[in-house]
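Structure, as structure tokens:
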Amino acid sequence: MSFTTEIKQDIANNDIKKCCCKAELSALIKLTSSLIIENRQFGILVRTENPTTAKRIVSLIKKIYKVKTDLVVIKKTNLKKNNVYTVKVLENARDILEDLGLYSSKGLSSHPSYTVVLKDCCAGAYVAGSFLAYGSCNAPSNSNYHLEISLDELDHANFIVKLLSRFNIDAKISKRRNRYIVYIKRSDLISDFLKLVGANSSLYKYEDIRMQRDLKNSLIRLDNCELANEVKTLNAAKRQVEYLQKIKKSRKYEVLNEKLKNVLELRLKYQDSSLLELCDAYQKAYGDVISKSGMKHRLNKLESIAINLDN
């Protein structure tokens, strides 16, 4: 089962308030249906390849309007294609569309009336219905975080983006062929989206896998950082050994003060040690405490002496 299917099943299993039922159904009808005339009667014909979506539409229509619906499964000849589920509503079809904010004296609307999504709960339900109709989401195991809703009208896409902005979910719009895509790329915003539409089981799964990946990536970055620091320390130590050996072979070594001589001998003895390790070795060897910055200062001074030997 795909992650998108899991989200849609979560949405379809939600038991929501009547006002939210209307908002969710409004989105589903808007995105999956067309108008028909049959036996001189105005009707609604829903077409979807998702059985969960089809069942949810039938359930909501019966729950809100208590009218008869005909659900028909059309099997495609191409085995690679899904079945098509059609839902036909002839009874009170015009009244239903008007009540859902999708039809008026001016005809069909590009998006429902704002009265349908006035409450925040209803706005969330409308977004849920939109995803149930034409939404998809990459599996959380995929590092390319992406959630989208496909629409056929730009006005409708802008409408959904505004609804999402009400919940601080920053969605973008792109065009793909003749469709408009409302999409979210940020993983934290996808989590907010799943919470908004009531896909709680999918949200828990998404967050669990996302946190495991983030932790793994953090550990990898930490390992890489530690490796880089180790390489940097070894390179610095190698450079120090070279100029300290130069000093020791020169007459300058004899006139060095005792502290610089001690540091020079210690670095030559412990060539792979870090500054902190050198500080500990210095204290043990000479009974004197030296800070990391103090050790670095003396090594820098020795380097300066070595550079001047070439001048």
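The values are calculated or read from the model by the stated rules, or taken from the named source; none is laboratory data. Values in this document were obtained by computation on a predicted structure and should not be read as measured data. Neighbour counts are summed over all protein chains in view; Cβ atoms, including those assigned to glycine, are modelled from backbone coordinates with ideal geometry.
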Hey, does region 191-213 have a residue that's modelled with pLDDT under 75 and over 30 Å from LEU154 (Cβ atoms)? yes
Would you mind telling me which numbered condition in (1) under 21 Å from LEU108 (Cα atoms); (2) surrounded by 14 or more Cβ atoms within 10 Å (Cβ to Cβ); (3) in contact with a helix residue (DSSP H, G or I) (Cβ under 9 Å, 6 or more places away or on another chain) GLN41 fails? (2)
Among the residues of region 289-311, count how many are farther than 19 Å from TYR243 by Cβ and either touching a Leu at 6+ places or on another chain (Cβ under 6 Å) or modelled with pLDDT under 85 (or both). 1
Unique residue being under 26 Å from ARG40 (Cα atoms), surrounded by fewer than 15 Cβ atoms within 10 Å (Cβ to Cβ) and at pLDDT 85 or above when the list is LYS119, LYS66, LYS106: LYS66
Can you pull out every residue in region 49-77 that is under 13 Å from LYS88 (Cβ atoms), β-branched (Val, Ile, Thr) and within 35 Å of the chain's Cα centre (by Cα)? ILE57, VAL58, ILE61
Which of the residues belonging to region 270-280 are within 22 Å of LYS246 (Cβ to Cβ) and touching a residue at least 12 places away in the same chain (Cβ under 8 Å)? GLN271, ASP272, SER273, LEU275, LEU278
When region 13-28 is checked residue by residue, the ones that are crowded, with 24+ Cβ neighbours inside 10 Å and more than 13 Å from ALA123 (Cβ to Cβ) are LEU25, LEU28
Qualifying residues in region 172-203 (those that are among the hydrophobic types (A, V, I, L, M, F, W, C) and within 12 Å of the chain's Cα centre (by Cα)) - the one farthest from ILE16 (Cα to Cα): ILE184
Test ALA306 against the stated conditions and say whether it is part of a helix (DSSP H, G or I) and within 21 Å of LYS232 (Cβ to Cβ). yes
Taking only pairs six or more apart or across chains, which ones have beta-carbon atoms under 6 Å, a first residue in region 26-44 that is in contact (Cβ under 8 Å) with a residue 60 or more places away in the chain, and a second residue that is hydroxyl-bearing (Ser, Thr, Tyr) and not in a helix (DSSP H, G or I)? THR32/THR48
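Being of a type in the set (Gly, Ala, Ser), modelled with pLDDT of 90 or more and farther than 21 Å from ASP152 by Cα narrows it down to one residue among SER26, SER59; which is it?
Within the list SER26, SER59, the selection yields SER59.
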Using the structure shown, decide if ARG94 is at pLDDT below 90 and in the same structural domain as GLU38 (by TED's automatic domain parsing). yes
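Out of LYS162, LYS172, I need the residue that is without any contact (Cβ under 8 Å) to a residue 12 or more places away in the chain, assigned by TED's automatic domain parsing to the domain that holds SER109 and either closer than 23 Å to ILE29 by Cβ or exposed (fewer than 14 other Cβ atoms within 10 Å of the Cβ) (or both). Which one?
Checking each option against the conditions leaves just LYS162.
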Apart from one, (1) out of contact with any Cys (no Cβ under 8 Å at 6 or more places or on another chain); (2) of a type outside the set (A, V, I, L, M); (3) within 28 Å of SER59 (Cβ to Cβ) all hold for CYS121; the odd one out is (1)
